[in-house]
Amino acid sequence: MKKLILLLLIPAFILSCSSDDDAIVIEENNGDGIIRITQVNTQGDLLVLSNLGTASTDVGEYYLCLGPGTYVRVANAASGSTVIAPNQSLTLEYDVNEASGGLSLFSTNSFSSSDPNILLDFMQWGAGNQARASQAVTAGRWDSVANFIPLGSPYNFTGEADQFGATFYEASEVEAATPVVRILQVDASADIVWLSNFGSESVDVGDYFLCLGPGTYVRVSDAASGSTTIAPGANIQLSYDVNETEDGLSIFSTNTNFNSSDPSILLDYVQWGAGNQARVDQAVTAGRWDNSANFVADGSPYAFTGEGDEFGSTFWEGTEADPLGVLRILQVNPITDQVWLTNVGDAALDAGDYWLCLGPGTYAQVSTRTSGSTVIEPGENIMLDYDMNLEEDGLSIFATNTFTSSDPDVLLDFVQWGAGNQPRSAQAVTAGRWDSAENFVDGFAPYSFIGEADEFGSTFWDTAAESRTVRILQFNAQTDQVWLSNFGNTAVEIGDYFLCLGPGTYVQVSTAANGASTELAPGENVMLSYNVNESVDGLSIFSTNSFGSTDPNILIDYVQWGDANQMRVSQAVTAGRWDSAANFVEGGPSYSFNGNENDFGSTFWD
């Protein structure tokens, strides 16, 4: 693009000394105007006329001419007044050729004239023998048709009012044409790299090298499928296997020294996904990256947005990924054989066709493990029923039934507890879904995920506090049978517990068990025989024989049926083991608890 360059000419006063005395006299502007071309900016299509004479001159009817048929009236090229006072200038807009040209100034439209009062000035640049050059030489307005000003816009007149020719013009210094090869884009998902030439000269990059780090490089000619010559402003596409998650890419002009920090050798660098990639310190030293800790985020493809001389993460942009659902295992409770899945992404996903897997031959499709919807909104969860081993096991979730895959898009998540080296643990480590086959979650169930969406491994799982929670699970008032269950996460001996219907009506569990074991593992039940009223009654379970207590560690559960205000109900409400003395369970004669460990009251009974 042509850049506009403004010329500022400093007005000067013409002073003369009287021969009669020493006084300085400013001469009156009653002489002649001398109009010269004092600057031509071929990049900005601007030129400057200056009055080097002693009288103001209106140049509106003058003409600029590049050759036969190519001219413009000065008034049409000016944006304001065309009167130029002595030692003042006028800037005009006129489309000229940047590479070479010859510009004449005529006082009339007699363009073939060699009269110096008509052809007032001339200059040519880039090459000799431009149109009107011979006329200008004849008119004394140029020195030789072969002489021209070398390329280097803007061109500035340096002579006096009566000096003409190439000798009295200066070209601006022009930087030598050079190629500037930059990494334009990296598509880490498709393993494609684009190089671009930001310079002003074509370059063959066939013997350049792409490098990801020591021992990992490729010659550009081997990565290209076509020509490796890049014209100014053009690009080439290369195939190169890069790491999608994180990596650092350099381009070297030779393979003589990949350890070089010479910016003429290490030409460009970019790192994505994380800082401190290979070669980044070299790149910072070479001025090809801003800071070893800085990297391009968001996602592939990564695109350079800067100019040819701008380097560093500030001038790169990642591509924000489309909204995506991300499925993780949120909680595993092998006591109750329940699994919770959660969506930690930013779009809904349907997990119905995903698979739970405990190892070869032991798997279940998600849609078969729930009676509800398998569509999970962002931040939402679903609970699945799945039979797991309490002591030790390992649970995977697969996006397809390709159960041997270590592709992280297939093996989505994994957790193991109780012991290491569970089935699928090695796959999970390879897929980046677990930290080490030896590591496992150690403690009491349930096991809960506490990490972020992209965090995997035993470090990001938590265990529950130890609990021994015995609940009334079911009773049949017609057959006088009561089932107790261990809702806790560790075994508990309940032989010394008591069932109680009211003052003076109780039985020790070991007696009611009829010889059955009263040591309950987590999730285990025991059936007791106890004579209850089929129509209306209230049943408590006490951990000791302190039957008047409202301590929830002693009065550990309660249920009443058939009518309100049964024995011990007020105690149970005070202990937090029932919701209201007025509430009771209806129906029967068989009643079942449908809640969880910490759910109490009539709401949780069927």
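The values are calculated or read from the model by the stated rules, or taken from the named source; none is laboratory data. None of these values were measured; they are calculated from a predicted model. Quick reminder, even Gly has a Cβ in these numbers, built from the backbone with ideal geometry, and neighbours come from all protein chains shown. Just the protein is used for accessible areas: all its heavy atoms, side chains included, with ligands, DNA and RNA removed. Shrake-Rupley method; radii C 1.70, N 1.55, O 1.52, S 1.80 Å.
Selection among GLY576, SER113, PHE449 by position relative to the dipole of the chain gives SER113 as farthest towards the positive end (Cβ unit charges, Cα centre). Each residue of region 507-515 was assigned a 3J(HN,Hα) from its phi angle through the Karplus expression (A = 6.51, B = -1.76, C = 1.60, θ = phi - 60°), giving 8, 6, 4, 4, 6, 6, 7, 6, x Hz with x at Gly and Pro.
Between THR108 and GLN163, take the C-beta separation as r, use R0 = 22 Å, and let me know the FRET efficiency to the nearest 0.05.
Working: r = 24 Å, r/R0 = 1.07.
So the FRET efficiency works out to roughly 0.40.
Taking the square roots of five times each eigenvalue of the Cα gyration tensor of region 487-606, the equivalent ellipsoid has semi-axes of 21, 16, 15 Å, listed largest first. Could you compute how fast region 158-262 diffuses translationally, taking Rh as the Kirkwood radius over C-alpha pairs and applying Stokes-Einstein at 25 °C with viscosity 0.890 mPa s? Give it in µm² per second. Using the Kirkwood radius from Cα pairs, D works out to 153 µm²/s. Our helix-only sum for the chain, with -39,500 (n - 2.57) per DSSP H run of n ≥ 4 divided by its residues, gives a mean residue ellipticity at 222 nm of -1000 deg cm²/dmol.
Return the ratio Rg/(2.2 N^0.38 Å) for region 57-207, where Rg is computed over Cα atoms only. List each step's numbers first, then the result.
Working: Rg = 21.3 Å, N = 151, 2.2 N^0.38 = 14.8 Å.
In units of the globular-protein estimate, region 57-207 measures up at 1.44.
Put the Cα centre of region 290-305 next to the Cα centre of region 82-114 and the gap is 51 Å. Here is the list for region 140-200: GluC sites (Glu not before Pro) lying in DSSP coil, each with at most 14 other C-beta atoms within 10 angstrom of its C-beta, are GLU160, GLU173, GLU175. The local environment of GLY359, defined by Cβ-Cβ distances under 10 Å, has a net charge of 0 under the rule Lys, Arg +1 and Asp, Glu -1. Separation of region 135-182 from region 318-341 is 73 Å, based on Cα centroids. Local charge for GLN560 was computed over the other residues whose Cβ lies under 12 Å away, with Lys and Arg +1 and Asp and Glu -1, and equals -3. Just to verify a number: FRET efficiency for THR178 and THR490, C-beta to C-beta distance, R0 = 56 Å, to 0.05? The value I calculate is 0.15. Note that region 269-366 carries a Kirkwood radius of 17.1 Å, evaluated over its alpha carbons pair by pair.
The mean accessible area for residues of region 43-83, using a 1.4 Å probe and ignoring ligands and nucleic acids, is 40 Å² per residue. Between the C-alpha center of region 394-430 and that of region 530-594 there is a gap of 45 Å. Surface composition of the chain: carbon plus sulfur atoms hold 45% of the accessible area, using a 1.4 angstrom probe and ignoring ligands, DNA and RNA.
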